[in-house]
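FYI, it's all coordinate maths here, none of it is from the lab. Just so it is clear, the structure is predicted and the values come from calculations on it, not from any experiment. With ideal geometry, Cβ positions are generated from the backbone for all residues, glycine too; neighbour counts draw on all protein chains shown.
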């Protein structure tokens with residue numbers, strides 16, 4: 001959802017929530033005029049790791065004081081890999 005706030009001084013604040021990490025192109029047209037098109041690239045990085053959806057997998061029983069390989073899949077609260 002996009003929210004636009006008119007500050008009544010010629011300036012507008014635009015708020016948009018992106019839940020997916022990655023690189024995105026932002027385009028803004030002033031009064032719908034393509035000649036007044038402003039472009040920018042933004043990069044969204046993953047949030048902190050979430051213990052609720054991250055996983056650890058073992059391929060056999062792990063004993064204390066042993067060295068074993070484990071698979072750790074770490075995700076943020078939006079499902080992005082960290």
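A few comments on the model shown:
- Top-ranked residue of region 29-43 - restricted to ones that are assigned to a strand (DSSP E or B) and out of contact with any strand residue (DSSP E or B) (no Cβ under 6 Å at 6 or more places or on another chain), ranked as surrounded by the fewest Cβ atoms within 10 Å (Cβ to Cβ): 35
- Enumeration of residues in region 44-72 that are over 17 Å from the mean Cα position of the chain (by Cα) and not in a loop (DSSP other than H, G, I, E, B): 55, 56, 57, 58, 70, 71, 72
- Filtered residues of region 1-26 (kept if under 25 Å from residue 80 (Cβ atoms) and surrounded by fewer than 10 Cβ atoms within 10 Å (Cβ to Cβ)): 1, 2, 3, 15, 17, 23, 25
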